[in-house]
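Beneath this line is the structure, given in structure tokens, with notes to follow.
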Number of protein chains: 2
Amino acid sequence: MKDHIKITYGQKSLEALSQKITTKKYSSVFVLVDTHTEQYCLERFFENCPLEIDGVLTMNAGEENKNLSTCEYLWNELSDQGADRNSSLINLGGGVVTDLGGFVACTFKRGIDFYNIPTTLLSMVDASVGGKTGIDLGALKNQIGIIREPQEVVIETGWLQTLPEDELRSGFAEMLKHGLIANPNYWKTLQSLTSLSSSSLEPFIKTSIDEKTKVVLEDPYEKGLRKILNFGHTLGHAIESYYLTHKDKSRLLHGEAIAIGMVMEAYLATHCSGLDAAEADEIKKTFAAFYPQIDITFEDQNEILKLLRHDKKNKAGRINFVLLKAIGSPDIDVEVPHEFFAKAFEFYQSKTN
Amino acid sequence: MKDHIKITYGQKSLEALSQKITTKKYSSVFVLVDTHTEQYCLERFFENCPLEIDGVLTMNAGEENKNLSTCEYLWNELSDQGADRNSSLINLGGGVVTDLGGFVACTFKRGIDFYNIPTTLLSMVDASVGGKTGIDLGALKNQIGIIREPQEVVIETGWLQTLPEDELRSGFAEMLKHGLIANPNYWKTLQSLTSLSSSSLEPFIKTSIDEKTKVVLEDPYEKGLRKILNFGHTLGHAIESYYLTHKDKSRLLHGEAIAIGMVMEAYLATHCSGLDAAEADEIKKTFAAFYPQIDITFEDQNEILKLLRHDKKNKAGRINFVLLKAIGSPDIDVEVPHEFFAKAFEFYQSKTN
């Protein structure tokens, strides 16, 4: 990979980060937070990462702010606060902050150094490696961005204490995905968890990051293998976008949406990539144990399928999926006939036996 | 350099480009033009580059449109017209089109292939190599962007026939700069030209591109040597920004602005980097022979100096210049005491002996 991947773990790594950044003699150092991490994480950041900071930039929390106007605001803030080519940016927050902050840093004055400190389970196990920076364009997720690794990612699980349960659930979906696409034993282990808490999940974070890192190192620009990480995401992104843009709908976090996507795509796999029906049922049952069922109306379905056509992973109008041949064995670029979509929604909505 | 630099020359290279692009089997191919190149170049492009095109995207011409809202429009157009990760973009136009189109391509779905066909002298000799893509942020030039080379750049001088004289003058300034910073003989040769026309300038385009390529290959990310290309640009950019944002001022093209910048910085060099006063006079006289004198008021000066503080090449509030020690011998990171700025304006405005 052109870019390096550097991940450090543990509370001491925050202190080490502050030393490293001091050694680099940046002309100025800025911290990006959102309104959540400003409230819940910033004080702890300063306690554990004793660094001289030239400015704290705050963006509004939430996926709906992962857009161009937030970038414009931050680029202007950096300019106004005197950031130059030798400045650096520390992104302290969940995936929205690290994705958007990474993009802002990569493009400000044609690129300044940036560091990510993910504070949610999802951003630790998913956004932390792979260098995918980016923002949404209208309802289209991550439509604009570039691929570049941060200088360093610090994984410190102390942040998880402040997270509500739905945030843990959201990250857990990506961990289950790592099992489903690459490691059946890991899937079995996670399946057997009886509750989701920061202490029950902490021991598995490194395994998930390692699984993802293996894939990303082999195919950084997603020409082939890396596509397996999109399992559940083709339908999941469309579902996420739909719930994001319909304010009368209940809030659906990224992982919650791709959990639905994985269940539906498990159904598609029984028709299009040879997944055993028993394994599809096992997948459905596992997700049902951890995730509340969402009621998706016929009208919702139609809107979701419209969004599906715009997914950036689709080539020239065909809708390609990453599907499972078996648990642990993914297949990429599987074309799915449109007639199966409605049945996939039915499968998700059907009662779990 | 991480990215390759691939430049082809001549009318046949347009045909070769169409073959190359066909071979690549992109899912779709788009052409970006501005309202000028749509009118003057598009037909000739289709005649010489017989390619199946999926869509022509048009942006408004002019530096004032090299901004985020144009990018947003183009990203949405690409989405709406079904562009995907395997699409590609051909930028047909001057530096604004290739800079902005490059940025749009590099960031659309985290990067699609792009090809540049510069149609102005300036974009041939300057924007064609070095991979600097980008847009302006308010009055701040090229504040946002990334460095990535296009797949290929086609230099074909047939386009120059349609250019007005001020556009030739604008490109010529960068050619003179290449002489001043790297090749005294080339400077002498250009100095001796008696008129600026596409036929008088054509023979020198490749020399200029070669001079720039040498520099860029040695230091693609502008850590040191590449900074010499900014000669004339520190003041020049501020002057350009000022005239761009003041609609009651006469139009000043990029090269016309940096021509003024080079004259003023020649003066600064006599105080700060040991340039012989006779060489500074020679520089002033040469530019005076090719460029109309601009009247810069005291109020203009103040506004220009304000903009100077925001130049992205300035580290932490200090204003660093690339100055000449002698013609052909540049010096980078020269700090200039503020007291010399007013005198540099005076030097530019003074009568040429």
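For the range B:189-203, the condition of being under 17 Å from the mean Cα position of the chain (by Cα), polar (S, T, N, Q) and in the same structural domain as B:ILE258 (by TED's automatic domain parsing) holds for none of the residues. Given the condition within 14 Å of another protein chain (Cβ to nearest Cβ), under 16 Å from the mean Cα position of the chain (by Cα) and in contact (Cβ under 8 Å) with a residue 60 or more places away in the chain, answer yes or no: does some residue in the range B:149-171 qualify? Checked the range B:149-171: at least one residue is within 14 Å of another protein chain (Cβ to nearest Cβ), under 16 Å from the mean Cα position of the chain (by Cα) and in contact (Cβ under 8 Å) with a residue 60 or more places away in the chain.
Every test in (1) over 18 Å from the mean Cα position of the chain (by Cα); (2) closer than 25 Å to B:LEU68 by Cα is passed by A:VAL96 save one, and that test is (1).
Can you find, within the range B:223-245, the residue that is nearest to B:GLU149 (Cα to Cα) among those that are in contact (Cβ under 8 Å) with a residue 12 or more places away in the chain and not in a helix (DSSP H, G or I)? Among them, the one singled out is B:GLY224. You will find that of A:VAL56, A:VAL31, the residue that is modelled with pLDDT of 95 or more, aliphatic (A, V, I, L, M) and surrounded by fewer than 22 Cβ atoms within 10 Å (Cβ to Cβ) is A:VAL56 and no other.
Condition first: assigned by TED's automatic domain parsing to the domain that holds A:LYS24 and modelled with pLDDT of 95 or more. Can you find one or more residues in the range A:206-213 that meet it?
As a first pass, look at the range A:206-213 and keep what is assigned by TED's automatic domain parsing to the domain that holds A:LYS24: none.
No, every residue in the range A:206-213 fails to be assigned by TED's automatic domain parsing to the domain that holds A:LYS24 and modelled with pLDDT of 95 or more.
Counting just the residues of the range A:301-353 that are on the phi > 0 side of the Ramachandran plot and within 24 Å of the chain's Cα centre (by Cα), which one comes out modelled with the highest pLDDT? Top of the filtered list is A:GLY328. Figure legend. Inter-residue proximity from the range B:18-39: first residues assigned to a loop (DSSP other than H, G, I, E, B), second residues of a type in the set (Ser, Thr, Tyr), beta-carbon distance below 6 Å, spacing 6+ or different chains. Indicated pairs: B:TYR26/B:SER87; B:TYR26/B:SER88; B:SER27/B:SER87. The set of residues from the range B:106-126 being away from chain A (no Cβ under 14 Å) and in contact with a strand residue (DSSP E or B) (Cβ under 6 Å, 6 or more places away or on another chain) comprises B:TYR115, B:ASN116, B:ILE117, B:THR119, B:MET124.
For the range B:211-234, the candidate set comprises residues that are of a type in the set (D, E, K, R) and surrounded by 16 or more Cβ atoms within 10 Å (Cβ to Cβ); within that set, the residue that is nearest to the other protein chains (Cβ to nearest Cβ) is B:GLU222. Each residue in the range A:294-305 was checked for being in a helix (DSSP H, G or I) and either free of Cβ contacts under 8 Å to residues at least 40 places away in the same chain or not assigned by TED's automatic domain parsing to the domain that holds A:LYS343 (or both), and 3 pass.
Taking the range B:43-95 as the region of interest, how many residues are of a type in the set (Lys, Arg) and either not in a loop (DSSP other than H, G, I, E, B) or not assigned by TED's automatic domain parsing to the domain that holds B:ALA127 (or both)?
Applying the first criterion (of a type in the set (Lys, Arg)) to the range B:43-95 yields B:44, B:66, B:85.
Checking the rest, the ones that are also either not in a loop (DSSP other than H, G, I, E, B) or not assigned by TED's automatic domain parsing to the domain that holds B:ALA127 (or both) come to B:44.
Residues in the range B:43-95 being of a type in the set (Lys, Arg) and either not in a loop (DSSP other than H, G, I, E, B) or not assigned by TED's automatic domain parsing to the domain that holds B:ALA127 (or both): 1 in total.
For the range A:267-279, the criterion of a residue being among the polar types (S, T, N, Q), touching a residue at least 12 places away in the same chain (Cβ under 8 Å) and over 24 Å from A:GLU64 (Cβ atoms) is satisfied by at least one position. Can you tell me which residue is farthest from the other protein chains (Cβ to nearest Cβ) among those in the range A:127-147 that are at pLDDT below 95 and not in a strand (DSSP E or B)? Looking at the filtered set, the residue picked out is A:SER128. In the condition set (1) over 25 Å from A:SER69 (Cα atoms); (2) free of Cβ contacts under 8 Å to residues at least 12 places away in the same chain, B:SER69 is compliant with all but (1). A single entry from A:GLY171, A:GLY179, A:GLY158 fulfils the requirement of being part of a helix (DSSP H, G or I) and in the same structural domain as A:HIS36 (by TED's automatic domain parsing): A:GLY158. Screening B:SER208 with (1) more than 21 Å from B:MET124 (Cβ to Cβ); (2) touching a residue at least 12 places away in the same chain (Cβ under 8 Å); (3) assigned to a helix (DSSP H, G or I); (4) in contact with a helix residue (DSSP H, G or I) (Cβ under 6 Å, 6 or more places away or on another chain) gives one miss only, at (1).
Conditions tested, residue by residue: (1) polar (S, T, N, Q); (2) part of a helix (DSSP H, G or I); (3) crowded, with 19+ Cβ neighbours inside 10 Å.
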residue	(1), (2), (3)
A:GLY261	no, yes, yes
A:LEU275	no, no, yes
A:ALA278	no, yes, no
A:ILE283	no, yes, yes
A:PRO292	no, no, no
A:PRO330	no, no, yes
A:ALA342	no, yes, no
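Here is a yes/no grid of residues against (1) more than 9 Å from chain A (Cβ to nearest Cβ); (2) under 24 Å from B:GLY255 (Cα atoms):
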residue	(1), (2)
B:THR37	yes, yes
B:PHE46	yes, no
B:LEU51	yes, no
B:ASP54	yes, no
B:GLU72	no, no
B:GLU77	yes, no
B:SER87	no, no
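With respect to the conditions (1) within 11 Å of chain B (Cβ to nearest Cβ); (2) surrounded by fewer than 24 Cβ atoms within 10 Å (Cβ to Cβ), A:PHE103 falls short on a single one, namely (2).
The values are calculated or read from the model by the stated rules, or taken from the named source; none is laboratory data. No experiment lies behind these values; they were computed from the predicted model shown. In this analysis, Cβ positions are derived from the backbone assuming ideal geometry, glycine residues included, and neighbour counts consider all displayed protein chains.
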